[in-house]
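Peer 1: Just dropping this structure here.
The values are calculated or read from the model by the stated rules, or taken from the named source; none is laboratory data. Because the structure is predicted, anything quoted here is derived from the model rather than measured. As a convention, Cβ positions derive from the backbone with ideal geometry for all residues, glycine included, and neighbour counts pool all protein chains shown. Surface areas here come from the heavy atoms of the whole protein model, side chains and all, with no ligands, DNA or RNA. Shrake-Rupley method; radii C 1.70, N 1.55, O 1.52, S 1.80 Å.
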Amino acid sequence: MERRKDKKGRVLEKGESQRKDGRYVYQYKDRYGNRKSIYASNLSDLRKEEKKIWRDLEENIDTAGGNMTLNELFDKYLSLKTQLANSTRINYIGLWNRNIREHALGNRKISNIKKSDILGFYNSLSERGLKYSTIKIFHNMLFPCFELAVEDDMIRKNPCKNCIKEFYDLNTKEKEALTKKEQMVFLEFVKENNIYYIYYPMFVFMFGTAVRCGETIGLTWNDVDLKNREVHINHQLIYKKNDGSCKFYINHPKTKSGMRSIPLTMEVVDALKDQRELQFMLGRKTEIEIDGYSEFVFSTKSKKPFTPSEINHVLIRIVNAYNKKEKQEAKKEKREMFLLPHISAHTLRHTSCTRMAEEGMDIKVLQEIMGHNNIAVTMEVYNHVSTDRCRKEMDKMEQKLIGK
């Protein structure tokens, strides 16, 4: 039986044909027995696509599922995450709708999305001024979506794999804790300043406990046990947009490691006592109740808890005020300036963790205080020791050797 040929006289394989307009067609059946067709302008491109199809069929990949758009995949993934905290769900949907839903990436077929597309998307977010921590949230949405598609045999591999690590390596500077001198200078300035002294107890607390910003602003007097010198951390306060307006929400830890009691130094105990007195003297006792929680330890003049952005804005103003003063005084006294770097709420937590590590605190104890579920996260800080600590350890070893 004579085999079918194209207009150039080339023999066509089974399922291949050429249309009157010159385009090539390949017909096949998918894994469900449905007849499918693909088209190409030349025979070479057609056969490249045929190889992909047969590879998918041999590996039981659902090519039809690969035609799902990224937006459709996200909606499917979110519908299956019934245990997702409501606050996290609201945050995910808001970020997705504002940044991906109408973006070209959101309307792309998942089978056509490559690793370079994901890295390009992360870079575009960075160019728009989004921080690494925010870009990581997008990764935490995209990666499990594509992982679901892999497990459902819609695509062969996850294009997000290792993307956030590569993006971090290329675009993110290593987080730096404040030095001991910077920490001391910062606290002294706040304590003596006529405007910012009201924040001194809160910053002493944050430096002394390494708690997260959300845990700090969500702390209530019911969580504080001054008699036994400890605080009980079992929730965070978040401030997110929902139904068109921003509101406070209580968020509980996803893992047991987030539920912890932290011992307090006498310095922190004294700071909390000062805070209670300040709150009374300034008439800042909170009257608001949020998801059953009330009497928040740290409050604004409107008698409400701080938002994370308010904490960060205060820190920016303090650093700017100190640096301005320091420049003037250094010029007047004809000496070298000692300026403070940019400081955020996370800088205080990172600095606190670093101080504890520098003092040789047991790694498991430090993990417990930090509330880290994975000890590897604690180890990143623990291993990043200062030159001073290295020198101290070498001096100790030298003294032991001399003693022998």
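Peer 1: If Asp6, Asp395 are ordered by their accessible area, calculated over protein heavy atoms with a 1.4 Å probe, which sequence runs from highest to lowest?
Peer 2: Of Asp6, Asp395, the descending order of accessible area is Asp395, Asp6.
Peer 1: For Thr220, which sequence-distant residues (separation of 5 or more, or a different chain) have an amide H within less than 5 Å of its own amide H, given hydrogens modelled in the peptide plane?
Peer 2: Val297
Peer 1: Taking N as the number of residues in region 145-252, what value does Rg over Cα atoms divided by 2.2 N^0.38 Å take?
Peer 2: 1.61
Peer 1: What FRET efficiency, computed as 1/(1 + (r/R0)^6) with R0 = 60 Å and r the Cβ-Cβ distance, is obtained for Lys327 and Lys114, rounded to the nearest 0.05?
Peer 2: My answer for the efficiency is 0.75.
Peer 1: Moving on. Beyond a 23 Å Cα-Cα separation, which of these cross-linked pairs lie in this structure: Lys5/Lys36; Lys115/Lys165; Lys180/Lys332?
Peer 2: Exceeds cut-off: Lys180/Lys332.
Peer 1: Rank Ser41, Ser261 by accessible area, highest first, at a 1.4 Å probe radius?
Peer 2: Ser41, Ser261
Peer 1: Using modelled amide H (1.01 Å from N, peptide plane; none on Pro or chain starts), what sits under 5 Å from the amide H of Glu230, excluding residues fewer than 5 places away?
Peer 2: For Glu230, the qualifying residues are Asp225, Leu264.
Peer 1: Straight-line reach from Lys396: which lysines fall under 20 Å, measuring Cα to Cα and dropping same-chain residues less than 8 apart?
Peer 2: Lys404
Peer 1: Further question: Ordering Trp221, Trp96, Trp54 by accessible area with a probe of 1.4 Å, largest first, what comes out?
Peer 2: Of Trp221, Trp96, Trp54, the descending order of accessible area is Trp54, Trp221, Trp96.
Peer 1: Next up: If you place +1 on the Cβ of every Lys and Arg, -1 on the Cβ of every Asp and Glu, and leave all else neutral, what size is the dipole of the chain about its Cα centre, to the nearest 20 Debye?
Peer 2: Here the size comes out at about 1620 debye.
Peer 1: Region 206-261: percent of C-alpha pairs farther apart than 13 Å?
Peer 2: 64 percent
Peer 1: Enter the accessible area per residue of the chain (Å², integer; probe 1.4 Å; all protein chains in place).
Peer 2: 60 Å²
Peer 1: While we're on this one: Determine the alpha carbon to alpha carbon distance for each of Lys191/Lys327; Lys136/Lys301; Lys136/Lys181; Lys131/Lys301; Lys81/Lys114 and list only those over 23 Å.
Peer 2: Exceeds cut-off: Lys136/Lys301; Lys136/Lys181; Lys131/Lys301; Lys81/Lys114.
Peer 1: By the gyration tensor of its Cα atoms, with a ≥ b ≥ c the square roots of the eigenvalues, what is the shape of region 72-139: rounded for a/c under 1.5, prolate for a/b over b/c, or oblate?
Peer 2: Note, shape of region 72-139 comes out oblate.
Peer 1: A follow-up question, please. Report the relative contact order of region 146-298, percent, no decimals, based on alpha-carbon pairs under 8 angstrom and at least 6 residues apart.
Peer 2: Relative contact order of region 146-298: 21 percent.
Peer 1: Another question about this same structure. Go through (i) 176; (ii) 149; (iii) 256 and flag the label whose value is the computed volume of the Cα convex hull per residue in Å³ for this structure.
Peer 2: So the calculated entry is the one marked (iii).
Peer 1: Report, ordered by chain and residue number, the lysines lying within cross-link reach of Lys334, taken as a straight Cα distance under 16 Å and ignoring same-chain residues fewer than 8 apart.
Peer 2: Reachable lysines: Lys324, Lys325.
Peer 1: What part of the accessible area of region 165-274, given as a whole %, is carbon or sulfur when the probe is 1.4 angstrom?
Peer 2: Here carbon and sulfur together make up 49 percent of the probe-accessible area.
Peer 1: I've got another one for you. Give the relative contact order (percent, whole number) for the chain; include only Cα pairs under 8 Å separated by 6+ residues.
Peer 2: Once divided by the residue count of the chain, the mean separation gives 11 percent.
Peer 1: Relative to the present Cα-Cα distance, how much length would full extension add between Lys334 and Asn140 at 0.36 nm per residue of separation?
Peer 2: 64.7 nm
Peer 1: By the scheme Lys and Arg +1, Asp and Glu -1, what is the net charge of all other residues having a beta-carbon under 15 Å from that of Pro305?
Peer 2: Residues close to Pro305 contribute a combined charge of +1.
Peer 1: Here's another thing I want to ask about it. Can you tell me which aspartates and glutamates have their Cα less than 13 Å from the Cα of Lys304? Leave out same-chain residues fewer than eight positions away.
Peer 2: Glu287, Glu289, Glu295
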